[in-house]
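**Student:** My questions all concern the structure below.
The values are calculated or read from the model by the stated rules, or taken from the named source; none is laboratory data. This one's a predicted model, so the numbers in the text were calculated from it and none came from an experiment. Cβ placement follows ideal geometry from the backbone for every residue including glycine, while neighbour counts extend to all protein chains displayed. To get the accessible areas, we keep the full protein, side chains included, count just its heavy atoms, and leave off ligands, DNA and RNA. Shrake-Rupley method; radii C 1.70, N 1.55, O 1.52, S 1.80 Å.
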Protein chains: 4
Amino acid sequence: MYKKLKLGMIGGGQGAFIGAVHRIAARIDGEYELVCGAFSSNPEKSKASGELLGLSPDRVYNSYQELYEKEKQLPEEERVQVISIVTPNHVHFEPTKLALESGFHVILDKPMTFSLAEALELRKVVEQTDRLFCLTHTYTGYPMVKEARQLVTSGKLGKIRKVYVEYPQGWLSTFEEGGENKQASWRTDPKQSGIAGAMGDIGTHAFNLAEYVSGLEVVQLCADINIVVEGRQLDDDGASFLKFDNGASGVLFATQVAAGEENNIKIRVYGEKGGLEWQQDIANTLLVKWLDRPSEIYRTGGAGVGSFAQHNTRTPGGHPEGYLEAFANLYRNFALCVNARLEGKTPELEWQDYPGIEEGVRGMAFIENVIASGKSDKKWTDFTI
Amino acid sequence: MYKKLKLGMIGGGQGAFIGAVHRIAARIDGEYELVCGAFSSNPEKSKASGELLGLSPDRVYNSYQELYEKEKQLPEEERVQVISIVTPNHVHFEPTKLALESGFHVILDKPMTFSLAEALELRKVVEQTDRLFCLTHTYTGYPMVKEARQLVTSGKLGKIRKVYVEYPQGWLSTFEEGGENKQASWRTDPKQSGIAGAMGDIGTHAFNLAEYVSGLEVVQLCADINIVVEGRQLDDDGASFLKFDNGASGVLFATQVAAGEENNIKIRVYGEKGGLEWQQDIANTLLVKWLDRPSEIYRTGGAGVGSFAQHNTRTPGGHPEGYLEAFANLYRNFALCVNARLEGKTPELEWQDYPGIEEGVRGMAFIENVIASGKSDKKWTDFTI
Amino acid sequence: MYKKLKLGMIGGGQGAFIGAVHRIAARIDGEYELVCGAFSSNPEKSKASGELLGLSPDRVYNSYQELYEKEKQLPEEERVQVISIVTPNHVHFEPTKLALESGFHVILDKPMTFSLAEALELRKVVEQTDRLFCLTHTYTGYPMVKEARQLVTSGKLGKIRKVYVEYPQGWLSTFEEGGENKQASWRTDPKQSGIAGAMGDIGTHAFNLAEYVSGLEVVQLCADINIVVEGRQLDDDGASFLKFDNGASGVLFATQVAAGEENNIKIRVYGEKGGLEWQQDIANTLLVKWLDRPSEIYRTGGAGVGSFAQHNTRTPGGHPEGYLEAFANLYRNFALCVNARLEGKTPELEWQDYPGIEEGVRGMAFIENVIASGKSDKKWTDFTI
Amino acid sequence: MYKKLKLGMIGGGQGAFIGAVHRIAARIDGEYELVCGAFSSNPEKSKASGELLGLSPDRVYNSYQELYEKEKQLPEEERVQVISIVTPNHVHFEPTKLALESGFHVILDKPMTFSLAEALELRKVVEQTDRLFCLTHTYTGYPMVKEARQLVTSGKLGKIRKVYVEYPQGWLSTFEEGGENKQASWRTDPKQSGIAGAMGDIGTHAFNLAEYVSGLEVVQLCADINIVVEGRQLDDDGASFLKFDNGASGVLFATQVAAGEENNIKIRVYGEKGGLEWQQDIANTLLVKWLDRPSEIYRTGGAGVGSFAQHNTRTPGGHPEGYLEAFANLYRNFALCVNARLEGKTPELEWQDYPGIEEGVRGMAFIENVIASGKSDKKWTDFTI
């Protein structure tokens, strides 16, 4: 008989945006059951959050350490199996490391860690513990993003030459720090976010999307990093030229001061024979352009799409699937792989297609390299890890 | 402490499209726990479906009658509270009636019944049993559809003059009956669908959307109803002029033979001062047009939207919410009202905004009137119930 | 050596919208030279208009009769060859008839005449005089509309089943009659416009577009015709079901009270294998949809388009061509045919593709039939000429 | 009485793309009459082109020198007044200089000259001769681009912070040099185009658009310039970071190897209070975004637009105006200024809004600076003239 995976959550107490999103993602396809949590470093708040979520009070903990410790002592039938970690960046590394070392599989919000050094150490922990690990770069969960990657890697566009990726937001156009917007406060605070603001929060998404869709790796970059809003401590805007390992070049930009913009992350990739274009605002459409014939419109659930898109689609074409479904695709694929592990089976290729530790290491390297380049007078900075 | 509503499902066994959608909708916001089901009239299939869903075998039943009977005998703490009915149209009335009479609240897929006569009887049952009842006209669950209604009913567009609504599909462009496509088979079978095909399946959605957004009621119609694909038994195409109770007029069309179309249901409403336009393909955008100033773009999660849209939104603007979230909004609002009832509280206006028995009766009346008009040589048919 | 065709204009004095459009259309490709005109029934105004246009005063006339009379007496080398008639509807028939009988070729603005009776008589005059005649149904001049027709008539979409055509405008949402808006005044005046308002002004465009793109003829219709704005004398709104000669059905609507709408005339046609969609707002794009593969985007000047679109395109793909270029295509094709006639050559098929007397007769028949249907209690009215 | 300006053309013989475009632009509004030309350095070809255009053979010349010489000797009433120069870049400077010195006003295709040195010298000639001069940066002729500039310069968006401009093309994705595509051959030939390929051909358009709409001047840049197609001699791809004189930053990219792209030049500008977005593919729409209220859609011919857009619009909203009308706006405004000069009047501000010698100098400086930056290892290059 089918049994749901038992899920625990670190962070994500009342009012947190991304914690609620993770919980919806975990619920959509029914593979997880939330059984425990340490939702806040404030015990009262953690308890209240657990109650709202219908958790048994004895499985709402005051700290992640307590959660791991107590859960380990439970019988295997009851014990949590997968830990979701949705805390601010400076509280990513320790809880993840300890979770893995405690035998749990982990789903972690991006960017992976506070620094590249932590990321490299975490990679070792993942290898040593042999636990499964997922990093929630949501946008790679969209069916049409997966279709884009499959089109590119199948060679249909020819050798890739150009990659343009952008993530314009406007929500930090004014000085929000220290006010009621908690999101704004921690994301602009170097003590909680690390050395990057916009580059860490959304630049990493753009970078990850570029590498995912193109199937290429960045080897050099040249960045212009800015603090636009007076008084802000971290970058709220930046752009970078990219050089890829096959010789292709690209442009990435991410900004949080494009007043009036929401979250329309967009990617365009061009090869010798054709190009493609995807953006979150019309997430179920992938435009495919050709040198010598009419452009085509690939659609979620539509005719002609490949195995990866199909596997990540729930409804017939034309019933839009959105951000939460893309997020749920990460959770679902991770569950399929965890279950395969539990059953000693080999997971399908389509199931394994979720971002993991390598994407996390590269994302942290992106942050460090792009910030370094922003400070450098030299044009090109080698992408080093 | 928060407790999930206990949900049971009638129909929706393996392979059924809409059953899976209902289950996702019930899961997204975590207010329900699926505890029992009678998923198929075939006991083996029902059992297998229940197993896949992780249900306890003793709560997977062979029939809805058995489900209601056995569940009633369970202690109140365990007993199912809400029944989802997702069977084909000819198996709507009896299970719903019995569920209500057995004391359960009911969520029913549309169209409500097999005939208007059944609908009228069901209305009496709902009144007599005083149970809560939701009919899943999904499209009214979209935040921007709710915004459209709020804009219209607030009077900002002035007196409404014109309503255009359309639902073009292409999936029945060829004769699919009797083949592997079960959807196609039962929806084109008068024994299972009733007197209407396209008009019942998607025409009712268009009709419901028109009345919901405009806040008006149809009083007359004039229809052109067609069977386009040879050999088909029910209409696969139709259009109707509409006259509303305030004197406004409109055009509705619904077709399943528009080759290449998916599910882009669309509505446009015009008043003396302005108009609006919404379509499922860009579900998070509501275009608002004005006589004397630039059009505006209202967005899910965006600035300037009203209380109904806000209440039905989960993510910040620009993270697309789709069909499943719209569906989940019906489930969520229904849960809020059921819980309010259980706690003896008055539900908020925004919570009560889900389609119910009146919408169901009007939908069935639409089917009977539109089909009658299609057969009539007279231009106008009064909309009678 | 190349010589421009000598053009004269009837109507279109200062302040007239459509006269200026005709003059631009005549200029764009350089085949015409405006040599004379009778721009207004007011001699002072006619004179002033001629002066502004740089005409020699002795070729600015006080009436169309005078123009034809005097021009006929000029040596052939100087004499006007083509007459553009851009007066209100009630001054279409007489000037056109007399121009043809005076030996001139004629370009006439739509709708062709004041009544169907006039249209039928004009058809005889065209036949008897053997002059060339063009009716400016502008929208058929767009390259992507021509591509649509070529795709349909080539059979690529299979047998046509459905045609949806619409023309929503908002500019008559309030009572404008008798005010400064001369357009509004004459177009709503039965003495100048004839028996139809919106149906004559824009309904005929929609009707013409439907027959042009589908290659079919309407044989029956059922209309709902309305006067929405209080005090108005002619219809400002209407819709019609259509039945075509191959059994296909359709819906047409045209309204001038859709507040906030501009001129986004749109057509969708569906056959057994696929469909297509074109609208003026994105005039250089033709969406082509298929039952079993991704939709395609055909583009003005783009890859894969046919001979008719190519012939009517001036710039490489992506440099938008608009309404004036579409209008100019009618003038250019007409000039090519007039010149072929002058040189005794057979014009290419692509040159002959402009609306003429048959389209005019059918347009006037549409007006009379649709208005008759609007007044009838019977559902279907045969399309009679 | 109104008299057309007498126009002569240098270059633009049969088969040349841009010459035909200039002629259409000159014709659309009827202010010019083409009276003479030296259409090719090949006398036979020049003669044949003149004949096709209906010119008197004695005013078709074998060289621009001959044209100026002979025309100067004609009586003022007959003599050409405005010279259009539409030759490849290396034949811009000499014919323009001599035209100005011969007393003619000049319209010149972009980029202005072969080198910045020539541009600076040309600026002196313009000043010394006091002739009027227009450089055809077409995109600034679009009504919605003018509206964008007026919105920005009116301060409605607040202080400008970010400018993104892009011009993706795909037509040079393969090696076309030396083949039948003459456009491709001369534009990739350093002897005819100068030191830049894509940067000169379309990068200058993007640069000009950025400065025009933002009302700012670039003071620093950092470029990545590439030759993507093997064997090509000039850049076919590039990107540049921009720093503006008010502290704003930006990103520009232009490429001719984005396979499948046409000519969708696009600009986005963000200030403290809002942003705007325009692209050629939907040229009649300007999206205006706000921090705290719904986005607005400004439209050519629509409600709420300013004096510059209005002055440059010919048709009511919703009849698309395109590339040729944008081009014609340059010609029209130039004609209005030339006529004002002839009549000793002061031209309106809206008439003077066409690109001139300063834009030309800055465009040539852009080419030299961006190419220098592309070769430099330093990140930032000062924008020097």
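**Student:** Label-to-label distances across copies for C:Trp186, with labels 7 Å out along Cα→Cβ, in nm, shortest first?
**Tutor:** Computed spacing set for this position: 4.6, 6.2, 6.9 nm.
**Student:** I would also like to ask the following. Region B:265-385: percent of C-alpha pairs farther apart than 20 Å?
**Tutor:** That fraction is 62 percent.
**Student:** Note down the nm distance, to one decimal, between modelled labels 7 Å out along Cα→Cβ at A:Leu349 and at B:Glu127.
**Tutor:** It works out to 6.2 nm between the two label points.
**Student:** Students sometimes get this wrong: rank A:Trp278, C:Trp351 by accessible area, probe 1.4 Å, all chains present, largest first.
**Tutor:** Values: A:Trp278 0, C:Trp351 65 Å².
Ranked from most to least accessible, the order is C:Trp351, A:Trp278.
**Student:** Residues of region C:26-155: accessible area per residue at 1.4 Å, in Å²?
**Tutor:** I get 38 Å² per residue for this part.
**Student:** Please compute the volume of the convex hull spanned by the alpha-carbon atoms of region C:162-279 and report it per residue in Å³.
**Tutor:** Hull volume normalised by residue count: 95 Å³.
**Student:** Binned at 20 Å from 0, what are the whole-percent values of the Cα-Cα distance distribution for chain B, short to long?
**Tutor:** 28, 59, 13, 0
**Student:** Which distances, shortest first and in nm, link D:Ser307 to the matching position in the other copies, using label points set 7 Å out along Cα to C-beta?
**Tutor:** With the label placed 7 Å along Cα→Cβ, D:Ser307 yields 4.6, 5.3, 6.6 nm.
**Student:** How big is the protein assembly as shown by the Kirkwood estimate over distinct Cα pairs, in Å?
**Tutor:** By the Kirkwood definition, the hydrodynamic radius is 34.8 Å.
**Student:** Taking amide H atoms as placed 1.01 Å from N in the peptide plane, list the residues 5 or more away in sequence, or in a different chain, whose amide H sits under 5 Å from that of A:Leu108.
**Tutor:** Sorted by chain and number, the residues that satisfy this are A:Ile85, A:Cys134, A:Leu135, A:Thr136.
**Student:** So which of A:Lys72/A:Lys97; A:Lys273/D:Lys182; B:Lys182/C:Lys156; B:Lys273/C:Lys182; A:Lys45/A:Lys97 end up more than 18 Å apart by C-alpha?
**Tutor:** Cα-Cα > 18 Å for A:Lys273/D:Lys182; B:Lys182/C:Lys156; B:Lys273/C:Lys182; A:Lys45/A:Lys97; rest within.
**Student:** Here is a further query. For chain B, which longest stretch is free of loop sites, where a loop site is one of the trypsin sites (Lys or Arg not before Pro) that DSSP puts outside H, G, I, E and B and that has at most 13 other Cβ atoms within 10 Å?
**Tutor:** It works out to B:160-344.
**Student:** Report the net charge of residues surrounding D:Asp353, where surrounding means a beta-carbon distance below 10 angstrom and charges are Lys +1, Arg +1, Asp -1, Glu -1.
**Tutor:** The answer is 0.
**Student:** I would also like to ask the following. Can you compute 3J(HN,Hα) from phi for each residue in region D:363-378, using the Karplus curve 6.51 cos²θ - 1.76 cosθ + 1.60 with θ = phi - 60°, rounded to whole Hz and x for Gly and Pro?
**Tutor:** Rounded to whole hertz, the list is x, 5, 5, 4, 4, 5, 5, 6, 5, 4, 4, x, 8, 8, 8, 6.
**Student:** Residue by residue, what Karplus-based ³J(HN,Hα) values in Hz, rounded to whole numbers, does region C:87-93 have, using 6.51, -1.76 and 1.60 with θ = phi - 60° and x for Gly and Pro?
**Tutor:** Coupling constants for region C:87-93: 7, x, 3, 6, 10, 9, 5 Hz.
**Student:** What is the pair-distance distribution P(r) of region C:1-77, computed from all Cα-Cα distances in 10 Å bins starting at 0, with each bin given as a whole percent?
**Tutor:** Histogramming region C:1-77 at 10 Å steps yields 20, 53, 25, 2 percent.
**Student:** To continue, here is another question. Looking at the P(r) of region C:247-302, how many percent of alpha-carbon pairs lie beyond 16 Å?
**Tutor:** 55 percent
**Student:** Related question: Just how far, in whole angstrom, is region A:26-70 from region C:1-24 if you go by their alpha carbon centroids?
**Tutor:** 78 Å
**Student:** With unit charges on the beta carbon (Lys/Arg positive, Asp/Glu negative), name the residue among B:Pro75, B:Tyr61, B:Asn42 whose Cα is farthest towards the positive pole of the charge dipole of region B:5-131.
**Tutor:** The residue sitting most towards the positive pole is B:Asn42.
**Student:** Mind grabbing the accessible area of A:Ser115 for me, 1.4 Å probe, Å², rounded to tens?
**Tutor:** Answer for A:Ser115: close to 30 Å² accessible.
**Student:** Along the Cα→Cβ direction, 7 angstrom out, place labels at B:Ser41 and A:Glu76. What is the inter-label distance in nm?
**Tutor:** Each label point lies 7 Å from its Cα, and together they span 4.5 nm.
**Student:** Which FRET efficiency value, to the nearest 0.05, do you get for C:Trp380 and C:Glu101 by plugging their Cβ-Cβ distance into 1/(1 + (r/R0)^6) with R0 = 45 Å? Intermediate values should be presented prior to the final figure.
**Tutor:** Numbers: r = 39 Å, r/R0 = 0.87.
It comes out at approximately 0.70.
**Student:** Once you charge only the Cβ atoms, +1 for Lys and Arg and -1 for Asp and Glu, what is the size of the charge dipole of the protein assembly as shown about its Cα centre, to the nearest 20 debye?
**Tutor:** That gives a dipole near 0 debye.
**Student:** Roughly how big is region C:5-131's charge dipole about its Cα centre, with Cβ charges of +1 (Lys, Arg) and -1 (Asp, Glu), in debye to the nearest 20?
**Tutor:** Details: 14 positive and 19 negative charges, 56 e Å.
The calculated dipole for region C:5-131 is roughly 260 debye.
**Student:** Once the principal axes of the Cα atoms of region A:5-131 are found, what is the range along each, listed largest first in whole angstroms?
**Tutor:** 37, 32, 29
**Student:** So if I place +1 on the C-beta of Lys and Arg and -1 on the C-beta of Asp and Glu, and nothing else carries charge, what would the dipole magnitude of region D:121-212 be about its Cα centre? I want it in debye, nearest 20. Don't skip to the answer; put the middle values down first.
**Tutor:** On the way: 12 positive and 11 negative charges, 119 e Å.
In total the dipole reaches around 580 debye.
**Student:** Related question: Using a 1.4 Å probe on the protein heavy atoms only, what accessible surface does D:Asp130 show? Give it in Å² to the nearest 10.
**Tutor:** Roughly 90 Å² of D:Asp130 is accessible to a 1.4 Å probe.
**Student:** Further, regarding this structure: How much solvent-accessible surface does D:Val91 expose, in Å² to the nearest 10, with a 1.4 Å probe and all protein chains in place?
**Tutor:** Answer for D:Val91: close to 50 Å² accessible.
**Student:** Give me a comma-separated list of calculated 3J(HN,Hα) values for region C:345-356, in order, Karplus coefficients 6.51, -1.76, 1.60 applied at θ = phi - 60°, integers in Hz, x for any Gly or Pro.
**Tutor:** With the stated coefficients, region C:345-356 comes to 9, 8, x, 4, 4, 5, 6, 6, 7, 9, x, x Hz.
**Student:** Further question on the same structure: Along Cα-to-Cβ, 7 Å out, sits the label point; list in nm, shortest first, how far the one on A:Leu52 is from those in the other copies.
**Tutor:** 3.5, 6.7, 7.3
**Student:** Using a 1.4 angstrom probe on the protein heavy atoms only, could you order C:His319, B:His90, C:His311 from most to least accessible area? Could you put the intermediate results ahead of the total?
**Tutor:** Working: C:His319 15, B:His90 85, C:His311 40 Å².
Largest accessible area first, the residues go B:His90, C:His311, C:His319.
**Student:** Next up: So if I take the centroid of the Cα atoms in region B:285-317 and the same for region A:103-167, what is the distance between those two points in Å?
**Tutor:** Each part reduced to its Cα centre gives a spacing of 34 Å.
**Student:** Around A:Lys47, with a cut-off of 15 angstrom between Cβ atoms, what is the net charge of the other residues, counting Lys and Arg +1 and Asp and Glu -1? Present the calculation step by step, with values, prior to reporting the outcome.
**Tutor:** On the way: positive: A:Lys45, A:Arg59, A:Lys70; negative: A:Glu44, A:Glu51, A:Asp58, A:Glu66.
Taking every other residue near A:Lys47 into account, the sum is -1.
**Student:** Taking the Cα centre of each part, how many Å lie between region B:175-229 and region C:191-263?
**Tutor:** Measuring centre to centre over Cα atoms gives 26 Å.
**Student:** Determine which chain C residue has its Cβ at minimum distance from the rotation axis mapping C onto B, giving the value in whole Å.
**Tutor:** Taking Cβ atoms only, the nearest residue and its distance are C:Lys379, 2.
**Student:** If I model a spin label at B:Leu120 and A:Leu342 as a point 7 Å from the Cα along the Cα→Cβ vector, what separation in nanometres do I get?
**Tutor:** Between B:Leu120 and A:Leu342, the simple spin-label model gives 5.4 nm.
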